[in-house]
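Read through the structure below, which is laid out as structure tokens, and then see the notes.
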Amino acid sequence: MADEVRIVAVGTLVESKDRLQPTQSRAEKRLLIYNLKTREVEHHVPLLQEVRNVSLSTPVNKVTHALVSHENKSPPQMWRIDMKTTIRPGEHVARLVLVHSYVTKTPVEFAGQSFFGGPDEMFVCCSSKSGEMYVWDRISATLLHTLRPDDSEVIKIFACNRRAIPRFMLVSGGLDGTLRIWSSGTSPLPSRQVTSSPEPQAPGESSSSRRRGSVSTIGTTGAIGVAV
């Protein structure tokens, strides 16, 4: 974490405090916060699914969020890390609070890690094993965009450009070595009260419609925009 005192990690509970071990069930995974100074686990919460990755947001007003990426059909989850005071003056301990699960309209198998993206990390992005890329509003957990590549393209990896301001930009890489850059255009980002439809736009829609937050693909013409 930014305070250089705590780390966020995922651990496996191999035995309880009473030294009991699971015999017929799998070991429980836990999201935890470890204090490097005290060498103690300040807080931990159980996780029901396998974890692929944990990403931390940039602290805002001393509040940090952890974005947890799961395996298979479990959606990404965002946890808030609160700092609580103790009975000792000036001492604080961290606490994990679940904020959102970022779900799709229909169940999908997610692949890779999820990301914070956009100005002020206002979006959450994740991809599926079938190649779709999903973009949610971070605060409301509303699904804003579903980006679908060509039928013949298999997405190997994708990432968000967190420094593309005021634009929103991400890149996808296919198994054939092709890199595709997806961008929101050059117009200012819309307010949080006016967001684009979760449905992809057709190529024939007007440019003014695309400027309201639609995402275009660079180097190709697809179902969500025209080449730029």
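Checked against (1) under 19 Å from Phe158 (Cα atoms); (2) not in a strand (DSSP E or B), Asp18 passes all but condition (1).
Among the residues making up region 105-135, those that are within 20 Å of Leu47 (Cβ to Cβ), out of contact with any Cys (no Cβ under 6 Å at 6 or more places or on another chain) and not small (Gly, Ala, Ser) are Pro107, Val108, Glu109, Gln113, Phe116, Val124, Cys126. Of the residues examined, Ala111 is one that is closer than 30 Å to Leu147 by Cβ, aliphatic (A, V, I, L, M) and not in a loop (DSSP other than H, G, I, E, B). I'd like to know if region 184-197 contains one or more residues that are modelled with pLDDT of 80 or more and surrounded by fewer than 21 Cβ atoms within 10 Å (Cβ to Cβ). The answer is no, given that none of the residues of region 184-197 is modelled with pLDDT of 80 or more and surrounded by fewer than 21 Cβ atoms within 10 Å (Cβ to Cβ). From the list Ala159, Ala66, the lone residue that is among the small types (Gly, Ala, Ser) and at pLDDT 95 or above is Ala66.
Against the definition (at pLDDT below 90 and out of contact with any strand residue (DSSP E or B) (no Cβ under 7 Å at 6 or more places or on another chain)), how does Ser140 come out, yes or no? No.
Of note, Thr58 does not satisfy the criterion of being surrounded by 12 or more Cβ atoms within 10 Å (Cβ to Cβ), modelled with pLDDT of 90 or more, in a loop (DSSP other than H, G, I, E, B) and of a type outside the set (Gly, Ala, Ser). Right, Ala94: buried (at least 16 other Cβ atoms within 10 Å of the Cβ), assigned by TED's automatic domain parsing to the domain that holds Gln49 and in contact (Cβ under 8 Å) with a residue 40 or more places away in the chain or not? Criteria met by Ala94. For region 27-55, filtered to residues that are of a type in the set (D, E, K, R) and either over 20 Å from Ser114 (Cα atoms) or assigned by TED's automatic domain parsing to the domain that holds Phe115 (or both), the residue that is modelled with the lowest pLDDT is Glu28. Residues that are touching a His at 6+ places or on another chain (Cβ under 7 Å), among the small types (Gly, Ala, Ser) and touching a residue at least 40 places away in the same chain (Cβ under 8 Å) occur at least once in region 55-71.
Can you tell me which residues in region 113-138 are surrounded by fewer than 19 Cβ atoms within 10 Å (Cβ to Cβ) and under 12 Å from the mean Cα position of the chain (by Cα)? Once the filter is applied, which keeps residues that are surrounded by fewer than 19 Cβ atoms within 10 Å (Cβ to Cβ) and under 12 Å from the mean Cα position of the chain (by Cα), region 113-138 yields Glu121, Met122, Asp137. A Cβ distance below 8 Å, combined with a sequence gap of six or more or placement on separate chains, defines the contacts here; from region 10-26, residues that are assigned by TED's automatic domain parsing to the domain that holds Trp79 and within 24 Å of Trp79 (Cα to Cα) reach residues that are assigned to a loop (DSSP other than H, G, I, E, B) and at pLDDT below 75 in the pairs Thr12/Ala27; Leu13/Ala27; Val14/Gln21; Val14/Ala27.
Let's see how each residue does on (1) touching a strand residue (DSSP E or B) at 6+ places or on another chain (Cβ under 7 Å); (2) under 19 Å from Met1 (Cβ atoms):
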| position | (1), (2) |
| --- | --- |
| Lys84 | yes, yes |
| Gly90 | no, yes |
| Arg95 | yes, yes |
| His100 | yes, no |
| Pro107 | no, no |
| Gly112 | yes, no |
| Phe116 | yes, yes |
| Pro119 | no, no |
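The single residue among Leu47, Leu32, Leu20 that is surrounded by 11 or more Cβ atoms within 10 Å (Cβ to Cβ), out of contact with any Gly (no Cβ under 8 Å at 6 or more places or on another chain) and among the hydrophobic types (A, V, I, L, M, F, W, C) turns out to be Leu47.
The values are calculated or read from the model by the stated rules, or taken from the named source; none is laboratory data. Only a predicted model underlies this, so the values are computations on that prediction, with no experimental measurement involved. Using ideal geometry, Cβ is built from the backbone for each residue, glycine included, and neighbour counts are taken over all protein chains shown.
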